[in-house]
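The structure appears right after this line, and notes come after that.
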Amino acid sequence: MAVAPAVLPAPASAGVLSGREFQNLIAGGPEGTTIVFQGGTDKIFYSPSLKNRLRQSGELGPDFLKQKILQNTVTEGTFIGATIEGGKWRAISGIAGIAADADSGHGILTLLQTFPEDTSIKAFQKRDRLYAVVIVEDAPSGVVCRRSQWERLFALKGEPRLTTVPCEFTVGNAVTPTAPR
């Protein structure tokens, strides 16, 4: 595949979760998990079991990331990300995978935006899309996430810059607002 997000080596730290530990943290339950970043205005819901249109496609379905993009992927799923920019909610959705870094074994969540017209590899490669990565660390001050900003995949030059922020994990989808009763 012509475009592939880089798997970032994480600085050596005993508290960085391995690929399997990261998988157990956010992919263990059938409901999925929401990562809430400091301040609560930026969230990512990850589900190992939900399927979007791309994940149901034969050519781009299960194991697409492992087979075509990140060979060291330990689990795949879908995500919905939401952030507040300029007072308005912005949502990004797509496929995600947790990979184990080849050198360190650290777990890296890679988020890759998808679109309804992504029905073949050819269609997938034609359109630029956003991507981001997240690494989780159990630090002395509590759980923190090292995360990148959403970047354009076609503009990828080197490794994305990571920002360390406190984060917490909740079971279920805390991104998509529930309908009022």
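Observations, loosely collected:
- The residues of region 152-179 that are modelled with pLDDT of 85 or more, surrounded by 11 or more Cβ atoms within 10 Å (Cβ to Cβ) and among the hydrophobic types (A, V, I, L, M, F, W, C), listed by number, are Leu153, Leu162, Val165, Cys167, Phe169, Val171, Ala174, Val175.
- Those residues of region 81-114 which are assigned to a loop (DSSP other than H, G, I, E, B) and either small (Gly, Ala, Ser) or surrounded by 15 or more Cβ atoms within 10 Å (Cβ to Cβ) (or both), in sequence order: Gly86, Gly87, Asp101, Ala102, Ser104, Gly105, Thr114
- Matching entry among Phe45, Phe124 (being touching a residue at least 12 places away in the same chain (Cβ under 8 Å), aromatic (Phe, Trp, Tyr) and in contact with a strand residue (DSSP E or B) (Cβ under 9 Å, 6 or more places away or on another chain)): Phe45
- So Leu130, is it surrounded by fewer than 21 Cβ atoms within 10 Å (Cβ to Cβ) and in contact with an Asp or Glu (Cβ under 9 Å, 6 or more places away or on another chain): yes
- Applying the condition of being farther than 20 Å from Ala139 by Cβ and open to solvent by 30 Å² or more (accessible area, probe 1.4 Å) to region 24-36 and asking which residue is modelled with the highest pLDDT yields Glu31.
- Scanning region 133-151 for residues that are surrounded by 15 or more Cβ atoms within 10 Å (Cβ to Cβ) and among the aliphatic types (A, V, I, L, M) yields Val133, Val134, Ile135, Val136, Val143, Val144.
The values are calculated or read from the model by the stated rules, or taken from the named source; none is laboratory data. It should be emphasised that the depicted structure is a prediction, and the values quoted were computed from it without experimental measurement. Virtual Cβ from ideal backbone geometry, glycine too; neighbours counted across all protein chains shown. Each accessible area value is taken on the protein alone, full model and side chains, heavy atoms only, with ligands, DNA and RNA left out. Shrake-Rupley method; radii C 1.70, N 1.55, O 1.52, S 1.80 Å.
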